[in-house]
Amino acid sequence: MNSVQIARGEGGQAAVTAESIDSLKASFRGAIVRPGEAGYDEARTVWNAMIDRRPALVARCVGVADIRRAVDFARTHKLLTAVKGGGHNIAGNAVCDGGFLIDLSLMRIVRVDPIAKVAHVAPGATLGDFDHETQAFGLATPVGINSTTGIAGLTLGAGFGWLSRKYGMTIDNLREVDIVTADGQLRRASEKENSDLFWALRGGSGNFGVVTRFEFKLHEVGPNVLAGLVVYPHSQAASALKKYREYVKTLSDDTSVWVVLRKAPPLPFLPTEVHGTDIIAFCICYNGDPEQGEKAIAPVRKFGTALGEHVGVMPFTAWQKAFDALLTPGARNYWKSHNFTEISDGAIEKAVNYAGSLPSAQSEIFFGLIGGATTRVKPDAMAYSHRDAIYVMNVHTRWENASEDKTCIDWARAFFRETQQYASGGVYVNFLTDDESDRIKAAYGPHYDKLLSIKKMYDPENLFRMNQNIR
């Protein structure tokens with residue numbers, strides 16, 4: 001082997017010599033692997049089965065020194081470079097075809113300081129890793145709702161979950177990061193140090209480097225919360241959504257109620273004849289005294305005549321995993337998303353109509369309720385600017401066979417088009433698919449030009465382009 005052909009970032013191929021690769025291996029504590037070698041398929045596999053890309057070379061990092069060496073190698077050879085944390089992003093940007101993959105998925109340490117109430121998190125950690133360590137001390141911070149999601153990608157795109165109404169977006173709780181920028185240097189970014197970079201990292205996606213450590217502020221949560229589901233038939237969805245819309249206006253920050261329209265999974269608390277039928281489910285999480293929580297959620301039980309419910313006190317870690325079974329890896333997934341400041345009658349009508357004609361048994365429409373503390377941060381405080389968003393709506397199509405691709409994708413796009421007039425115009429960057437480059441400026445909003453200037457400073461050659469890219 002005299003050389004390996006690896007895709008370049010600007011197109012074409014780089015002939016990387018065997019000596020260069022051997023030198024990389026010799027200075028690496030992790031593993032450098034090629035197609036067919038042990039660890040290659042594990043490294044290149046991501047959550048969305050529609051993404052089947054084959055990098056020419058993979059650097060499986062196990063420490064900061066490995067990351068710096070990998071970034072230097074990528075920059076020196078001007079390689080098309082992807083960075084994988086949890087590999088859960090819908091667009092599949094964690095892996096590239098023919099290029100160089102910097103794989104962080106082996107770096108999963110979460111270290112909690114319960115006295116200072118902070119967590120130091122490695123870039124390959126998942127939400128499950130994070131919750132396991134923080135909840136051992138009755139602490140948490142707002143993250144997503146699926147335990148296999150990676151902390152790194154979630155955070156760099158802003159991040160939100162069940163605790164966001166009380167404690168804000170994930171980035172609102174980020175204190176500082178360590179990051180390897182395109183020049184191979186390790187920098188610390190916080191409000192006091194490299195503050196321009198810290199501003200950009202909070203919502204600017206993976207455009208500015210490889211974060212090697214996240215430091216989060218933690219809050220006292222749980223270890224038990226009042227949580228669960230109240231399920232109504234699809235025939236009552238329009239009425240229930242209108243009651244929900246009014247109910248949301250009365251909520252305290254302790255209460256989070258999301259909405260999912262889908263076909264009923266075989267949940268044990270639902271009658272067998274309901275399984276597989278169209279439903280609307282209200283997903284509840286109350287962080288506080290359960291007795292007060294029961295009063296807070298009582299109106300949800302009056303939205304109609306419920307098919308069934310399962311609400312009770314449970315470990316917060318259990319609720320964080322409650323939807324994992326519906327989001328297992330290996331299925332084909334396609335998303336379309338809007339932000340809403342309110343759910344209008346028109347939006348309700350469209351959602352109910354489309355939920356009555358789901359293209360597959362696993363597809364769904366959900367409205368993630370944020371608001372509360374997420375709206376109290378100034379829109380220019382960090383790169384994430386969509387502080388007016390009360391609901392983040394995601395059209396999640398999910399299916400098993402490639403033969404269903406067109407049906408499912410066409411359905412999602414049609415629903416997206418028909419609800420656009422009711423949306424705010426903003427979009428959550430983590431929900432963008434790989435065919436939505438036209439929406440990147442909408443995702444970064446009024447901060448795009450400032451992000452571009454910071455991008456030019458820290459990554460002038462656009463080494464980190466496998467993301468929702470600021471070109």
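The values are calculated or read from the model by the stated rules, or taken from the named source; none is laboratory data. Here the structure is a predicted model, which means the values were calculated and not measured. Cβ placement follows ideal geometry from the backbone for every residue including glycine, while neighbour counts extend to all protein chains displayed.
Quick look at the values:
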read-out	value
Qualifying residue in the stretch 146-165 (condition: among the charged types (D, E, K, R), within 30 Å of residue 461 (Cα to Cα) and under 19 Å from the mean Cα position of the chain (by Cα))	no
Residues (surrounded by fewer than 20 Cβ atoms within 10 Å (Cβ to Cβ) and small (Gly, Ala, Ser)) located in the stretch 381-407	381, 402, 403
Only listed residue being more than 20 Å from the chain's Cα centre (by Cα), at pLDDT 95 or above and surrounded by fewer than 18 Cβ atoms within 10 Å (Cβ to Cβ), chosen from 378, 321	378
Condition check for residue 250: among the hydroxyl-bearing types (Ser, Thr, Tyr), part of a strand (DSSP E or B) and either free of Cβ contacts under 8 Å to residues at least 60 places away in the same chain or over 18 Å from residue 358 (Cβ atoms) (or both)	no
Answer from 90, 115, 102 - the residue that is part of a loop (DSSP other than H, G, I, E, B), more than 14 Å from the chain's Cα centre (by Cα) and aliphatic (A, V, I, L, M)	115
Hits in the stretch 448-464 - residues which are more than 21 Å from residue 78 (Cβ to Cβ) and surrounded by 19 or more Cβ atoms within 10 Å (Cβ to Cβ)	451, 454
Output for the stretch 267-277, where each listed residue is more than 26 Å from the chain's Cα centre (by Cα) and at negative phi	268, 269, 270, 271, 272, 273, 274, 275, 277
Residues satisfying the stated conditions in the stretch 48-76, i.e. crowded, with 23+ Cβ neighbours inside 10 Å and assigned to a loop (DSSP other than H, G, I, E, B)	48, 55, 61
Identity of the residue in the stretch 339-358, more than 19 Å from residue 281 (Cβ to Cβ) and in contact with a Phe, Trp or Tyr (Cβ under 7 Å, 6 or more places away or on another chain), that ends up surrounded by the most Cβ atoms within 10 Å (Cβ to Cβ)	339
From the options 413, 439, residue that is under 24 Å from residue 203 (Cβ atoms), of a type in the set (Lys, Arg) and either in contact with a His (Cβ under 8 Å, 6 or more places away or on another chain) or surrounded by fewer than 20 Cβ atoms within 10 Å (Cβ to Cβ) (or both)	439
Lone qualifier among 303, 316 - being crowded, with 18+ Cβ neighbours inside 10 Å and closer than 19 Å to residue 365 by Cα	303
Matching residues, the stretch 373-418, being in a helix (DSSP H, G or I) and closer than 30 Å to residue 176 by Cα	373, 374, 375
Among the candidates 298, 325, 347, 351, residue that is outside any loop (DSSP other than H, G, I, E, B) and either free of Cβ contacts under 8 Å to residues at least 24 places away in the same chain or not assigned by TED's automatic domain parsing to the domain that holds residue 241 (or both)	298
Which listed residue is within 30 Å of residue 272 (Cβ to Cβ), surrounded by fewer than 20 Cβ atoms within 10 Å (Cβ to Cβ) and small (Gly, Ala, Ser), from 227, 238	238
Check on residue 434, at pLDDT 95 or above and surrounded by fewer than 17 Cβ atoms within 10 Å (Cβ to Cβ)	no
Odd one out for residue 269, checked against (1) surrounded by 14 or more Cβ atoms within 10 Å (Cβ to Cβ); (2) part of a loop (DSSP other than H, G, I, E, B)	(1)
